[in-house]
Amino acid sequence: MSTKTPLKLIAVAAVTLSAGSAMAFEPSKSVEFIAPANPGGGWDTLVRTVSRVLQEEELAEQNFAPINTPGGGGAVAWAEVAKDEGNDHMLFATSPPIILVPLTGSSRYDHSDFTPVARLSTDYITLLVDADSDYEDIDDLMEAIRENPGLSIGGGSAPGSMDHIAVAGLAGEAGIEPGSINYVAFSGGGEAMTNLMGGHIEAVVSGASEAVGLIQEEEGELRALGVSSTERLGGELANVPTFEEQGLDYTFDIWRGVMGPPGMSDEAVAYYESLFEEMLETDGWADARDRLGWIDAYQGSEEFGEFLDAQADEFSDILRELGMVE
Amino acid sequence: MESLNNLIYGFGIALSPMNILYVFTGVFAGTIIGMLPGLGPISALALMIPITFAMDPSSGLILMAGVYYGAIFGGSTSSILLNAPGVAGTVATSFDGYPMAKKGQAGKALAIAAYSSFVGGTLSVVGLMLVAPLLSKVAVSFGPAEYFSLMVLGLTAVVSLSDKSLIKGLIAAVVGIMVSIIGIDRQTGTERFTFGSAHLLDGVDFLVMALGIFALAEVFYMLLRGGGGKEQPRNAIGSLKLTRGEVKEIAGPMTRGSILGFFTGVLPGAGATIGSFLGYSMEKRLAKDGDTFGQGNIKGVAAPESANNAACTGSFVPLLTLGVPGSGTTAVLLGALLVMGVTPGPAMLQDRPDVFWGVIASMYIGNIFLLVLNLPLIPLIAKILDMPRALLLSMILIFCMIGVYGLNFSVIDLYLLLAFGLLGLAMRLFGFPAAPMILGMILGGVMEESMRRALQIAGGDWSVFVDKPISLWLLVIAALSVFLPLIKKAIKGLRLRHA
């Protein structure tokens, strides 16, 4: 699975070669910026937002061309990028599925096959119940699950993917066997929410930014029992306590970042790193970020790489407890 | 009275010069997008998000909604002229639309489609305006158990879609359901029938099968029958005019189709498809000349076309009143609205009445634009059929290939298209109907997922399907619609034997 060694070798080679010349990298043609999904989803939004901000703020000479390569929850795009070793003019949007999809066996390539470039932003998960429900806080819900493990919790993605992992991890922290959670997979967050509103399921796990409109103080149909951040979020979510506040030592990040093909040159990585760091400081980005409910969470290439490895360990532990990996 | 005031307020917004321009641009672009199979409204809307970013939210939504219902409005064109349905909601339109075109009545078929779309679009906006907040309760009352039963009801259309042999129709439907199984299973994450290919992980796209077994199979069939001169020249597109009798004849199907379409559209999920198929088979059963459905009956065009446009408007109910998307297209609209700083949902009526009422008013205007725009275009577009046959067939072939390649930019989809084309040809030669197969494929996936979800929630208890009243009723109606015609037939047969 892992091609870490060759990657390192190439990196070392690149460093040795470029030592002395210290040539700075600049894209010489437009950069292919791949969203490994159809238009409209999270990756697509990231790719289009970033390339638009880069263009509007005139940060890069070359165009960052958004390209959609859908299929297999990302696997089709990853297979293509993995073949393009050493291409300094290709990037792709990434988030937890780059770790989860390979772990559950649908992709031959995993995060260690690619070059981490930068983490840009993050979102958090929240647990929603109907506004009329008896569950007032996360303890109420966890207590109810403890009594009745058949209690159905919906999410917008398949078992073993982000929503499931998030709620399973939370349950584990509350002392409930993660595998006993009755996670019901819907074909999208919206479908899960309508089922919650209709009383067909007890709770829904969702990205916090997606839930904003549904939990407004008086008109809201739903109630959020907590968010997976370390500090309270802003705006409509300011009144929602974190899980940590409620005594569960649990956080979960829906991070979003950018990666490149295997063996991307150090110069190129350095160029993109600083480009994105600069971009995060612009007003154009701040505006888009706030509208989309993202929170800045920049990490450079090296730090992002270590973070990804740590995430992979954490996720595979949860998946093992769920019995979804050997 | 209050709705009327609100509507006048909405028209005040929608009738501003800029917004009129946006409605017009939206529906015009939508019509074109709808006419080309493969270029669905979803991708078109997603590509428009950056354009609408800086716009006033009501203008942005007016523009994007125009593209959406414009695409559904124009979607019937390729179904009728080329037997190549571009979106699932227009499959049923091809059943009688294409035979009409073959009979030299392309003009009339397209005109009926346009009128029905207009009626469906307009009646459903009235519905959206009057009962949207009430209907949001209906939208959420459908859980997995209810969806399963609704899909079962949808599948009963197989009975009316199997021309001669019910057995062959059922076989085709089962093959369709089998194809819907291909890909990653949502409930367990297991790969099914993917043969290790990453390209099959997301399953077979509807368009690949629809263009294969309808359009491509038709091309092959025409080639096989060969003979340059044997067929009569089809250059007569016929008159667009409807006689008074014909107007009377389609008034009922259009109204029933609109109502049915609107209500199924409100349900998140496969609204337009279910609505158009149910509308089609309902009219076939109601009609005295039900036998001529499938051979170019005008009612067979009017019913599904009014239903799919009404369903499109209906899908705005959960989006605007609950803030949850009922389909892929409305999910993109939701994303666009969030980016523009508007949060659809219960609070939207208070916070942003300009967006809510502006869009509703713009839909009335948009539907009139569409009618005025489409009617004069019909003779021009129908000229396609004047082309020499060799050219026409090659064009359909290229059209299908571009449409399918545009889905995922994958060559594998093209092989699949060819395979389905050959399968469709074989089915035709051996008398298997294609319609039940596509129906099985469209409904099979949702049916299976809903069944397993319902069972998972109920802890494996099968009685959930009859314990829930809505689900029970749907199953009862499904059973009636299957067995009543059979019983009727049996009685008739007995009488004939006695006579």
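Read-outs throughout are calculated quantities, based only on the coordinates presented, and are distinct from any laboratory measurement. Everything numeric in this text was worked out from a predicted model, so none of it was measured. Cβ atoms come from the backbone with ideal geometry, glycine included; neighbour counts cover every protein chain shown.
Computed from backbone phi with θ = phi - 60° and the Karplus coefficients 6.51, -1.76 and 1.60, the 3J(HN,Hα) list for the range B:254-267 is 5, 5, 4, x, 5, 5, 4, x, 4, 5, 5, x, 5, 6 Hz; x is used for glycine and proline. When the label point is put 7 Å from the Cα of A:Glu281 along its Cα-to-beta-carbon vector, which residues of the range A:28-66 have a backbone N closer than 20 Å? Of the residues in the range A:28-66, A:50-62 have backbone N under 20 Å from the label point off A:Glu281.
Basic side chains Lys and Arg get +1 at the Cβ, acidic Asp and Glu get -1 at the Cβ, and with that the dipole of the range B:2-498 about its Cα centre reaches some 1820 debye. Go through B:Lys168/B:Lys492; B:Lys108/B:Lys164; B:Lys168/B:Lys489; B:Lys248/B:Lys383; B:Lys102/B:Lys488 and tell me which ones have a Cα-Cα distance over 30 Å in this structure. Beyond 30 Å between Cα atoms: B:Lys102/B:Lys488. At the listed q of 0.10 Å⁻¹, the Debye profile of chain A, built from one uniform point per Cα, gives log10 I(q)/I(0) equal to -0.59. Taking the Cα centre of the range B:309-432 as reference, the dipole from Cβ charges on Lys and Arg (+1) and Asp and Glu (-1) amounts to some 320 debye. Just the number, please: Stokes-Einstein D of the protein assembly as shown in µm²/s, Kirkwood Rh from C-alpha pairs, 20 °C, 1.002 mPa s. Using the Kirkwood radius from Cα pairs, D works out to 77 µm²/s. For the range B:207-347, relative contact order (Cα pairs under 8 Å, six or more residues apart, normalised by length) works out to 23 percent. The slack between B:Ser394 and B:Leu494, meaning 0.36 nm per residue of separation minus the straight C-alpha distance, is 31.0 nm. Taking Cα centre as origin and charging only the Cβ of basic (Lys, Arg, +1) and acidic (Asp, Glu, -1) residues, the dipole magnitude of chain A rounds to 1380 debye.
DSSP beta bridges confined to the protein assembly as shown are antiparallel in about 60 percent of cases.
Given axes a ≥ b ≥ c from the Cα gyration tensor, I'd like to know whether the range B:1-153 is rounded (a/c under 1.5), prolate (a/b larger than b/c) or oblate. Oblate. In order along the range B:146-160, the phi-based Karplus estimate (6.51 cos²θ - 1.76 cosθ + 1.60, θ = phi - 60°) of 3J(HN,Hα) comes to 5, 5, 4, 5, 5, 5, 4, 4, x, 5, 5, 4, 3, 4, 7 Hz; Gly and Pro are listed as x. Restricting the calculation to Cα atoms, every distinct pair contributes to the Kirkwood radius of chain B, found to be 23.1 Å.
The mean number of Cβ atoms from other chains found within 10 Å of a Cβ in peptide A:67-74 is 5, as a whole number.
Out of the range B:280-309, which trypsin sites (Lys or Arg not before Pro) are coil in DSSP terms and have no more than 13 other C-beta atoms within 10 Å? Filter output for the range B:280-309: B:Lys288. Remark on the range B:60-136: Rg and Dmax equal 14.4, 45 Å (Cα only). A cut-off of 5 Å between modelled amide H atoms, ignoring neighbours fewer than 5 places along the same chain, links A:Thr242 with A:Val227. Cα gyration tensor of the range A:124-239, axes a ≥ b ≥ c as square roots of the eigenvalues: rounded (a/c below 1.5), prolate (a/b > b/c) or oblate? Cα axes put the range A:124-239 in the rounded bin. The mean count of C-beta atoms from other chains within 10 Å of the C-beta of residues in A:105-115, rounded to a whole number, is 1. Farthest towards the positive end of the charge dipole of the protein assembly as shown, among the residues B:Ala303, A:Gly190, B:Gly26, is the Cα of B:Ala303, using unit charges on the Cβ of Lys, Arg, Asp and Glu. In this structure, the amide hydrogen of A:Gln62, modeled 1.01 Å from its nitrogen in the peptide plane, lies closer than 5 angstrom to no residue at least 5 positions away or on a different chain. With the alpha-carbon atoms of the range B:255-367 aligned to their principal axes, the span from lowest to highest coordinate is 53, 26, 18 Å, starting with the largest. In the range A:124-239, taking the dipole from charged Cβ atoms about the Cα centre, the farthest positive-side position among A:Ile201, A:Pro159, A:Val227 is held by A:Pro159. Each residue of the range A:200-211 is assigned a 3J(HN,Hα), and the resulting list reads 7, 10, 8, 8, 9, 9, 8, x, 4, 5, 6, 8 Hz, derived from the Karplus form 6.51 cos²θ - 1.76 cosθ + 1.60 (θ = phi - 60°), x at Gly and Pro.
Peptides B:482-494, A:223-235, A:277-289 ordered by packing proxy, namely the average of other Cβ atoms within 10 Å per residue, highest first: A:223-235, A:277-289, B:482-494. Amide H contacts for A:Ala297 (H built 1.01 Å from N in the peptide plane; partners 5 or more residues away or on another chain; cut-off under 5 Å): A:Ser121, A:Thr122. Within the straight-line cut-off of under 17 Å between alpha carbons, the aspartates and glutamates reachable from B:Lys284 are B:Asp96, B:Asp163, B:Glu246, B:Glu249, B:Glu305, sequence neighbours fewer than 8 places apart in one chain being disregarded.
First check a/c for the range A:240-326, with a ≥ b ≥ c the square roots of the eigenvalues of its C-alpha gyration tensor; if it is under 1.5, answer rounded, and if not, answer prolate when a/b is larger than b/c or oblate otherwise. Oblate is the answer for the range A:240-326, as a/c is 1.5 or above yet b/c matches or exceeds a/b. Among all the lysines, which ones have a C-alpha under 24 Å from A:Lys83's C-alpha, if same-chain residues fewer than 8 places away are not counted? List returned: A:Lys4, A:Lys8, A:Lys29.
Each Lys or Arg adds one and each Asp or Glu subtracts one; over the other residues with Cβ under 14 Å from the Cβ of B:Val339, this totals -1.
The mean count of C-beta atoms from other chains within 10 Å of the C-beta of residues in A:194-204, rounded to a whole number, is 6.
Taking the helices alone, the protein assembly as shown has a mean residue ellipticity at 222 nm of -19000 deg cm²/dmol, built from -39,500 (n - 2.57) per DSSP H run of at least 4 residues and averaged over all its residues.
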